[in-house]
Amino acid sequence: MDIRISSSQYQYSSYTSNQEKPSTESSSSEKSSSSQALISKLEATDTKVRAHEAAHIAAGGGVVSGGANFSYTKGPDGKMYATAGEVPIDTSEGKTPEETIQKARQIAAAAMAPSDPSPQDYRVAASAAVMEMRGHLEENKKIQETINGQKAYGSVALSETDPSSAETSS
């Protein structure tokens, strides 16, 4: 029997060999303690997964676009335990560069909120950092266009209105 709790973090399996088995009583008590150990691990994983996803939701604010979705594993006691989870996050850019920068920061905060970020959490945070840089680039581009426009306007205005800029011959 092979039970996968979470492919990225936990994997529990029990192995049955073809060797001579001990008496039924011993085997039964081993199964009982093995089952109880697995149940304890499933309970701990369930608690950890739920806390992890709750941290994303708490830090996500306006970028969280729904509740947590969980994957479950049925334990030997018949109960279902959360063994993986995800929270949907809106990663679209904002309407303005400033809004994009703010949204990217919120996404990164949501991704890195758990005390034990997963590899996917790091990927989301890295994507948010790229998104923030794009926002800064757009913001700087707007500023540069404004400055260039003012310089162009200023040079035209000076040449038309400034009498000292006109050449005089005496």
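The values are calculated or read from the model by the stated rules, or taken from the named source; none is laboratory data. Please read all numbers here as calculations on a predicted model, not as lab measurements. Using ideal geometry, Cβ is built from the backbone for each residue, glycine included, and neighbour counts are taken over all protein chains shown. Remember, those area values only see protein heavy atoms, side chains included, never the ligands or the DNA or RNA. Shrake-Rupley method; radii C 1.70, N 1.55, O 1.52, S 1.80 Å.
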>> Could you check the spin-label model distance between Ala51 and Tyr72? Points 7 Å from the Cα along Cα→Cβ, value in nm.
In response: 2.2
> Do any of Lys48/Lys79; Lys103/Lys141; Lys48/Lys74; Lys103/Lys142; Lys48/Lys95 go past 27 Å between their Cα atoms, and which?
Replying inline: Lys48/Lys95
>> Just to confirm, what accessible area per residue do you get for region 52-154 at 1.4 Å probe, in whole Å²?
In response: 59
>> With a 1.4 Å probe and all protein chains kept in place, how much accessible area does Lys103 have, in Å² rounded to the nearest 10?
In response: 40
> Which value, in Å² rounded to 10, gives the accessible area of Glu86 with a 1.4 Å probe and all protein chains present?
Replying inline: 110
> At a probe radius of 1.4 Å, what is the per-residue accessible area of Asp90, in Å² to the nearest 10?
Replying inline: 60
> Ranked by accessible surface with a 1.4 Å probe, highest first, in what order do Met80, Met112 come?
Replying inline: Met80, Met112
